[in-house]
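Notes follow once the structure below has been shown.
The values are calculated or read from the model by the stated rules, or taken from the named source; none is laboratory data. All values reported here derive from a predicted model rather than from experimental measurement. So basically every Cβ, Gly included, is an ideal-geometry build from the backbone, and we count neighbours across all protein chains shown.
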Amino acid sequence: MSARQPLPFLAASGRAVTPIAFVSAAIRAYRDRGLDPDDALQRAHISPKELGRRNARVTAAQFEIFAEAAMRELDDEALGWFSRRLPWGAYGMLCRASLTRGPLELALRRWRRHHLILTDDVAFSLAVDGGLAIWSIEERRDLGPYREFCLVTLMRYVLGFSCWSIDSKIALARAEFPFAEPPHVSVYPTIFCKDLKFGAPRAKIAFDARYLALPLKRDEIDLDHMLQRALPLTVLPYRRDRLLVERVRKLLRDARTPHATAEDIADALALSTRTLHRQLAREDASLRELKEEARVEIARHALARGRAPIKRVAQAAGFRNEKSFSRAFRNWTGLTPRDFRRQASLAPDTSA
């Protein structure tokens, strides 16, 4: 990408979290082309002593400076991964070619198709399975010692572009990689998610397929601004999740229980309770309202399918008494529990 290249494993703070292994992979690209990386390393204040330490880390700022210098000096945004160089600005062109007035799914299919113009050493695929969108990478060439650095970066490029384009965090359900667990595996939950698998057939990320239907929020002018400083779109995790309310609803619905706590929900979403409440407020929702909605949904099913007393239905749905249950039920449905049951009993049976 033009200006500063977005790179995938950097923290928003000044903490050193980027594995030295990724710096070493870029240095290998210099060596393979008979060039000296010392100037780029000096600019980034990365010392030879750090390079010699297996578990060393560098900061976001250090890696950004080093990587930009390397891409410019090598004239290769792929940093040696592929059989031909990707000139400076190649991934910016890919972002531009992927913009669309349609949903994210169309943008990703454009990304998949146009990336083959840059190189056919790898190919992307997008599928939907069981409510999950699966983005995977087919390796058509032996990536050798660049393999981990390449696959991790490619995944974060497309994930960063996707989050930026729909202006939303995309919460990953799982991530898989076709190599052994690396020594610096502790950084992977920060880069991707907690559910990780190594030694898989292909590199894959999976996320809720409903993100694919979200419309893009960006245009050419936004892209021009973004490319002036592209790093934040893959470095800084988006705080807003435009599907958060639906994800909470699904958790409450699948649990079929009115007793899930804020801690239970936050843990399932890999958030702190404070972040959960804050992000829901940003979407004009609250956990209390969503839990009440879920309780009413539980009650709807109980009223439509059985003859249990209203008081017992209220208790099963988690309400303290029949009066508070009736008030909540009417607010959500426009009917009292008894009227709802009466209408449900008169409705024709369509289950056959």
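Summary table below
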read-out	value
Single condition THR273 does not satisfy, out of (1) β-branched (Val, Ile, Thr); (2) more than 18 Å from ARG249 (Cβ to Cβ); (3) under 34 Å from the mean Cα position of the chain (by Cα)	(2)
Entirely in segment 283-352, the helices (runs of 4 or more DSSP H) that have 1 or more residues that are under 17 Å from ARG253 (Cα atoms) and without any contact (Cβ under 8 Å) to a residue 60 or more places away in the chain	287-305, 310-316, 322-333
Residue identified as surrounded by fewer than 19 Cβ atoms within 10 Å (Cβ to Cβ), modelled with pLDDT of 95 or more and closer than 28 Å to ALA213 by Cα among ARG147, ARG112, ARG140, ARG96	ARG112
Selected residue (only one of ALA11, ALA16, ALA26, ALA40 is outside any helix (DSSP H, G or I) and either at pLDDT 60 or above or crowded, with 22+ Cβ neighbours inside 10 Å (or both))	ALA16
Where a residue in segment 64-93 is in contact (Cβ under 8 Å) with a residue 60 or more places away in the chain and of a type in the set (Phe, Trp, Tyr) and its partner, wherever it lies, is buried (at least 18 other Cβ atoms within 10 Å of the Cβ) and not in a loop (DSSP other than H, G, I, E, B), with Cβ under 7 Å and at least six apart	TRP81/TYR146; TRP81/CYS150; TRP88/MET71; TYR91/TYR157
Segment 138-160, residues that are touching a residue at least 60 places away in the same chain (Cβ under 8 Å), among the charged types (D, E, K, R) and part of a helix (DSSP H, G or I)	GLU148, ARG156
